[in-house]
Amino acid sequence: MNAAELIRQWRELNDRHPSAWPRTWRDALLLALFLAVVLAGWQLCLRPAIAALERSELDYATLKSTYPEKYRRAMSFAHSTQRARHLEQAVATLELQLQPHAGIDPVLDAIGDAALQNRLQFEFARPGRPETKNGYVEAPIAIRLSGNYHDIGRFAADMAATAHIVILSDLRLSSTDRSGRVTLEALALAYRRNPDGEEKS
């Protein structure tokens, strides 16, 4: 079929129903309708879906790149929360050790018992003047004892583990005339809660 024949048939289509068109033109009409449906489906359905998929892929890439940092922050926050709870428990335990009406005698007994258990020669313990600050009382006790170096180390560990809050400060070690023995001079700071809650004037 040549071009002249197609042009002639096209001119004759105006007054005829598509069912009576020649096969070539009916096929062309069906192809045009099919392409129109495909194009409409692309514009109305497939194109928005592809755009949404591309946005989802971009969001996924962004989330994937930021996930390690967010995970690290979450773990850091959880660790900080757990550490804060541990600190609160430690503070509560220390507050229980700050006995409000405890005198200096139990602390002196604890120092003497620790020295005796570690085979140290207890030379003296001289309580100083207590000072009130920030709601607690600090009672200094100057101590001096002598013995084996390792026994003195165990004495310091026992003082740290005592039921009272006692801090060994201003530690000074010096050798004695006897071989293998040293002398420890220190200031033991004992703490208790101030029952009146008053600051020192």
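For this structure, a couple of remarks:
- When the range 126-155 is filtered for residues that are over 14 Å from Thr183 (Cβ atoms) and among the hydrophobic types (A, V, I, L, M, F, W, C), the ones remaining, listed by number, are Val137, Ala139, Ile141.
- Scanning the range 171-189 for residues that are in contact with a strand residue (DSSP E or B) (Cβ under 8 Å, 6 or more places away or on another chain), without any contact (Cβ under 8 Å) to a residue 40 or more places away in the chain and among the small types (Gly, Ala, Ser) returns Ser174, Ser175, Gly180.
- Meets criteria (within 21 Å of the chain's Cα centre (by Cα), not assigned by TED's automatic domain parsing to the domain that holds Thr176 and not in a strand (DSSP E or B)) for Ala61: no
- One residue from Arg129, Arg172, Arg154 being surrounded by fewer than 13 Cβ atoms within 10 Å (Cβ to Cβ) and either hydrophobic (A, V, I, L, M, F, W, C) or outside any strand (DSSP E or B) (or both): Arg129
- Comparison of Glu138, Glu95 shows that the only residue that is part of a strand (DSSP E or B) and either at pLDDT below 80 or in contact with an Asp or Glu (Cβ under 9 Å, 6 or more places away or on another chain) (or both) is Glu138.
- Selection from the range 122-162 of residues that are within 13 Å of Leu189 (Cα to Cα) and aromatic (Phe, Trp, Tyr): Tyr136
- Contact annotation: residue pairs with Cβ atoms under 9 Å, 6 or more positions apart or on different chains, pairing a residue in the range 15-35 that is hydroxyl-bearing (Ser, Thr, Tyr) and surrounded by 10 or more Cβ atoms within 10 Å (Cβ to Cβ) with a partner that is modelled with pLDDT under 70 and in a helix (DSSP H, G or I), are Thr24/Leu6; Thr24/Gln9.
- Of all residue pairs spaced 6 or more apart or on separate chains, those with beta-carbon atoms under 8 Å, a first member in the range 90-116 that is exposed (fewer than 11 other Cβ atoms within 10 Å of the Cβ) and a second member that is modelled with pLDDT under 90 are His101/Arg192; His101/Pro195.
The values are calculated or read from the model by the stated rules, or taken from the named source; none is laboratory data. These numbers were taken from a predicted model, which means no experiment stands behind them. In this analysis, Cβ positions are derived from the backbone assuming ideal geometry, glycine residues included, and neighbour counts consider all displayed protein chains.
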